[in-house]
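Accompanying notes for the structure given below.
The values are calculated or read from the model by the stated rules, or taken from the named source; none is laboratory data. The shown structure was predicted, so the numbers you read here are calculated from the model rather than taken from an experiment. Don't worry about glycine lacking a Cβ; one is built from the backbone with ideal geometry, like all the others, and counts go over all protein chains shown. For accessibility, only protein heavy atoms count, side chains too; no ligands or nucleic acids. Shrake-Rupley method; radii C 1.70, N 1.55, O 1.52, S 1.80 Å.
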Amino acid sequence: MVGICRRQRQNLDLTGLVNSIYDAAAAIDFGRKGFATRGKEQEGRISYETGISVALSAFRDALSTADPRAIIFVEYTFITQELQFCEENDKETLSSLTKAIQSFNDAFLALEAVDEPGYKTTDKTYPHDVKYRISSFPKDSFHIAVISHKTRIQNILRSPGVDPIEKALLKQRLANLSIAQNSYFVMQKKALHVMDII
């Protein structure tokens, strides 16, 4: 019964985080559009800063769980919202976000698989060449999604003119992805019955 109550509380917490992400993404989008509309600049700035603040708080809350499922789900929700607000003619961004979403869909499958008894077989199906390994574990779809998305965020951070408050959000998202990946290593270690410390 305690396990069920804990799971329900975690689901409620995750629902709250997801709702915060929806609100944040909408406020950020409204704010960005306000920047480009004469007479709406101040309202846009307030909405943008509020959205960034709400998102930052949600990402920090997700990080505090240290649960890779929660961390990745919050990131997935955020990029799904970004895709919804993306301009139709912004083909590069649409393509990048669509690939990220597909990659995270595969990562969710890896999160399911790592908890299953047969995951140990996965270790045998991945080559032991360093190209297919990360910290000696299979470089499966979870790692591929995280690595690709970290690169995507790092590229945004390197772009000139990114607002400092948005940079703080991007850095938080990077930190979240690293923690999610470290937590996933622990899950892989357990699934593969590895005794060595990572």
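The table for this structure:
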read-out	value
Of Ser47, Gly16, Val114, farthest towards positive along the dipole that unit charges on Lys, Arg, Asp, Glu beta carbons give segment 12-121	Ser47
Electrostatic dipole magnitude of segment 138-187 [Cβ: Lys, Arg +1; Asp, Glu -1; Cα centre; debye, to 20]	100
Candidate residues His143, His128: accessible-area rank, largest first, probe 1.4 Å	His128, His143
Lys/Arg +1, Asp/Glu -1 at C-beta; the chain dipole; positive extreme among Ser136, Tyr126, Leu177	Ser136
Long-range amide H partners of Ile134 with built H, under 5 Å	Lys139
Gain on full stretching of the segment that runs from Ala175 to Ala26 - 0.36 nm per residue minus C-alpha separation	51.3 nm
Cα→Cβ-extended label distance, 7 Å offset, between Asp13 and Asn155, nm	3.4
Given charges at Cβ of Lys, Arg, Asp, Glu: segment 51-109 dipole, positive-most of Tyr76, Cys86, Ser96	Tyr76
Gyration tensor (alpha-carbon) shape descriptor, segment 56-168, a/c threshold 1.5	prolate
Part-to-part distance (alpha-carbon centres) for segment 135-198 and segment 12-29, which is given in Å	21
Given Lys33/Lys99; Lys124/Lys171; Lys40/Lys171; Lys124/Lys167, the pairs whose alpha carbons are separated by over 30 Å	Lys124/Lys171; Lys124/Lys167
Restricting segment 88-176 to GluC sites (Glu not before Pro) in coil, as DSSP defines it, with at most 11 other Cβ within 10 Å	Glu88
Normalised alpha carbon radius of gyration of segment 56-108 [divisor 2.2 N^0.38 Å]	1.23
Accessible-area composition of the chain, carbon plus sulfur, in percent [1.4 Å probe]	55
Surface accessible to a 1.4 Å probe, per residue, for the residues of the chain, Å²	58
Lys, Arg +1 and Asp, Glu -1 on Cβ, resulting dipole of the chain about Cα centre, debye, nearest 20	440
Over segment 1-135: Rg over Rh, Cα atoms, Kirkwood Rh	1.09
Estimated 222 nm signal from helices in the chain, with DSSP H stretches of n ≥ 4 weighted -39500 (n - 2.57), rounded to 500	-27500 deg cm²/dmol
